[in-house]
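The next block holds one structure in the form of structure tokens; read it before the comments.
The values are calculated or read from the model by the stated rules, or taken from the named source; none is laboratory data. As the structure is a computational prediction, the values presented were derived from the model and not from experiment. Note that we place each Cβ from the backbone using ideal geometry, even for glycine, and neighbour counts take in every protein chain shown.
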Amino acid sequence: MKNTILSIAVWLIGCTTLQAQIVYATKSAQIKFDAAGGLEAIAAKNNQVNSKMVDKTGQVVFSMLIKSFKFANQLMEDHFNENYMESTKFPKADFKGYIKEAAAINFSKDGTHNVTAEGELNIHGVTKKVTIPGTLTVADGKVILNANFKVKLKEYGIAGLYIGDKIAADAAVTLTCKYD
């Protein structure tokens with residue numbers, strides 16, 4: 001009888017804890033990058049980025065297919081996938097980490113908060129620990145996460161003839177994530 005009561009109590013506590021957390025998700029976050037190093041515009045956008053975020057713990061995950069980046073010029077897109085990102089060999093990029101300030105944010109109250117995500121960024125088969133500053137906005141029950149940061153291409157094993165000349169050594173990345 002003691003074991004049954006204990007089991008029920010543990011189960012109820014577990015259910016309460018699970019219900020207290022909200023998981024925000026989207027399959028349409030947007031990541032843009034600009035790597036213009038010379039006169040040519042080298043920029044692309046990916047509107048098919050998957051993301052999940054847990055409000056109480058701040059756990060956040062982003063995942064995208066490299067081939068989903070779209071360029072204004074088809075030839076640039078082909079070179080990006082074949083010569084630089086080798087998207088057949090390295091089809092995905094992802095980030096797994098935590099928003100440090102999440103526990104202090106009231107997700108039921110409108111407001112904009114400066115946040116910092118710490119975690120691991122995997123691009124081109126290389127994983128690096130990163131810290132990314134951003135803003136988290138709560139408006140009418142919706143959560144929006146924005147960030148701007150730079151990625152050093154060589155640190156992720158991305159090499160090519162024009163990096164440092166026509167292509168910047170650092171890509172400027174912009175993230176816009178509107179959770180459903």
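Brief remarks follow.
- Looking across region 39-91, the residues that are touching a residue at least 40 places away in the same chain (Cβ under 8 Å), polar (S, T, N, Q) and exposed (fewer than 15 other Cβ atoms within 10 Å of the Cβ) come down to Thr57, Asn83.
- Residue count for region 139-160 satisfying the condition of being farther than 13 Å from Met85 by Cα and aliphatic (A, V, I, L, M): 6.
- Filter result (part of a strand (DSSP E or B) and either exposed (fewer than 12 other Cβ atoms within 10 Å of the Cβ) or of a type in the set (A, V, I, L, M, F, W, C) (or both)) within region 134-144: Leu136, Val138, Ala139, Val143, Ile144
- Pairs with Cβ under 7 Å, 6+ apart, first in region 104-122 and farther than 19 Å from Gln21 by Cβ, second among the small types (Gly, Ala, Ser) and loosely packed, with under 14 Cβ neighbours inside 10 Å: Asp110/Ala139
- Tally, over region 1-40, of residues that are modelled with pLDDT under 55 and in contact with a strand residue (DSSP E or B) (Cβ under 6 Å, 6 or more places away or on another chain): 0
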